[in-house]
Amino acid sequence: MNFKMHLQENFLKKPYRVHSVLFILFIIAGFIYSPLEIFSGLWVIIIGADILVTDYIYMGGFGATLVNVGLSGLLAAGALVLAKHEPIGLTMGTFGLTIGLSFFGKNPVNMLPIILGGFLYAKYMKQSYGDSVLRAILATCLAPAVTLPAYATDLPVAVSVLCGIVIGLLIGFLINPLAIHMHAAHRGYNLYNVGFTAGIIAMGMFVILQLFGVDYELKNYWSSGYDLHLKILLVAVSFYFILCGAITKGEKMPFIQLFRFHKYGLDFFSQFREKSYIHMGILGLACLLFMFIINGAYNGPLIGVILSVIGFGAFGKALFSTIPIVTGAMIAVGVSHLLTGVPINDSGFLLAAFFSTCLAPLARKFGFHWGVAAGFLHVGFATSIAPFHGGLNLYNNGFAGGLTAMLLVPTIFFLRRETE
């Protein structure tokens, strides 16, 4: 077997290996960038509050953040391998969200109790962990709740750590049954179903915390000065996936076909396997082009959301389906700019615009104009609802996407005199 065949059969056709190598490259890059500050930076990341918005590059430095991203990705990959989970499109999306939000809120320490809680749920239900592990990993969007007792209370350190672990285990245990039922609320038109579910859970937790007199403020930490670093990172990740998809052995796909994923179902990976990597990379380059046009400044949260878009390039986020959503989001941003003077390339607005692509299935189903309406409405929700869950849900936009779909989809069916 020559090297190319060995590469194709033993690496490119093994999604966990493809992603794990990428995560290891993140770690290597972090150590190369600032080898003397890695451990001190990681310590700051681990012990700090993770409430929205806490940019880890601002808190712990660029090198330490890259290492944190790589370690978080490897933790997710390890859980999936141990659970014997068969990769699907949502697996790629989960990787994208995991490493993306490891730039602002997730780290292996606050993720682990939630992932273990999902394992306990599988044991309790006497089912394979492979059936529930994805939701458990996605539920790490509630990782700030794990560190909250140490940050927002006067409890002794040992007690606050224990409370955080118990909270994480409960989140991981409950996320599967709740997410299954919450899916019906938005009828599947929000790709971030766990983010929507987590928003409901976070609201309940925040209400209880308020009753107990636990009070804290939302964070607003954004890094700056790393535009070139993060542009290079985005280009490297995009071309990594394009290269992996391009040299994979398999049925040849016409290049134009890569732009027609909106004509298929949600799970592109199950249909096109490793060729869907090319579409993921194309989405990354499209985000880079958008940031160039809008003259947006890169920071931890923004590179994080773009990495999540890349991941969901294998599940539901077809390039042409995202265009009307982002168009509507930027119309909303433009209106806000005219009324309030906030720049259209404000990081908070851009974060909402990129994350609004979670509503791509709605545009695919109902057409361009309804996609524009969804993007417009999403920005309104996304920029307003964080105080309602106390910043505990890192997938704030998943919550916003669910609310948007809940409001818009029944309206569409009513106006079209249709039933689903």
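The values are calculated or read from the model by the stated rules, or taken from the named source; none is laboratory data. Computed from a prediction, not measured in an experiment: that's the story for all the values here. Backbone-built Cβ (ideal geometry, glycine too); neighbour counts: all protein chains shown. Heavy atoms of the whole protein, side chains included, go into the accessibility calculation; ligands, DNA and RNA do not. Shrake-Rupley method; radii C 1.70, N 1.55, O 1.52, S 1.80 Å.
List of remarks:
- Selection from the stretch 51-76 of residues that are open to solvent by 20 Å² or more (accessible area, probe 1.4 Å) and of a type in the set (Phe, Trp, Tyr): Tyr58
- Leu97 being in a helix (DSSP H, G or I) and either polar (S, T, N, Q) or open to solvent by 10 Å² or more (accessible area, probe 1.4 Å) (or both): no
- Only residues that are part of a loop (DSSP other than H, G, I, E, B) and not small (Gly, Ala, Ser) were counted in the stretch 347-385, giving 2.
- Test for Ile344: is it of a type in the set (Val, Ile, Thr) and part of a helix (DSSP H, G or I): no
- The one condition in (1) assigned to a helix (DSSP H, G or I); (2) touching a strand residue (DSSP E or B) at 6+ places or on another chain (Cβ under 9 Å); (3) of a type in the set (A, V, I, L, M) that Val207 fails to fulfil: (2)
- Residue within the stretch 332-354 that is in contact with a Lys or Arg (Cβ under 8 Å, 6 or more places away or on another chain) and either touching a residue at least 40 places away in the same chain (Cβ under 8 Å) or closer than 19 Å to Asn220 by Cα (or both) present: no
- Taking the stretch 364-376 as the range and being open to solvent by 50 Å² or more (accessible area, probe 1.4 Å) and either free of Cβ contacts under 8 Å to residues at least 40 places away in the same chain or in contact with a Pro (Cβ under 7 Å, 6 or more places away or on another chain) (or both) as the test, only Phe368 passes.
- Qualifying residue in the stretch 317-325 (condition: of a type in the set (Val, Ile, Thr), open to solvent by 30 Å² or more (accessible area, probe 1.4 Å) and within 23 Å of Ser238 (Cα to Cα)): yes
- Of all the residues in the stretch 129-149, those that are outside any helix (DSSP H, G or I) and modelled with pLDDT under 95 number 1.
- Residue in the stretch 302-314 that is open to solvent by 30 Å² or more (accessible area, probe 1.4 Å), at pLDDT 95 or above, assigned to a helix (DSSP H, G or I) and aromatic (Phe, Trp, Tyr) present: no
- Boolean, Thr404 is open to solvent by less than 50 Å² (accessible area, probe 1.4 Å) and farther than 30 Å from Ala152 by Cα: yes
- Considering residues of the stretch 28-50 that are at pLDDT 95 or above and open to solvent by less than 30 Å² (accessible area, probe 1.4 Å) only, the residue farthest from Pro144 (Cα to Cα): Gly30
- When the stretch 106-128 is filtered for residues that are closer than 13 Å to Asp50 by Cα and either modelled with pLDDT under 95 or outside any loop (DSSP other than H, G, I, E, B) (or both), the ones remaining, listed by number, are Pro108, Val109, Asn110, Met111.
- Test: residue in the stretch 371-379 that is of a type in the set (A, V, I, L, M, F, W, C) and at pLDDT below 95: no
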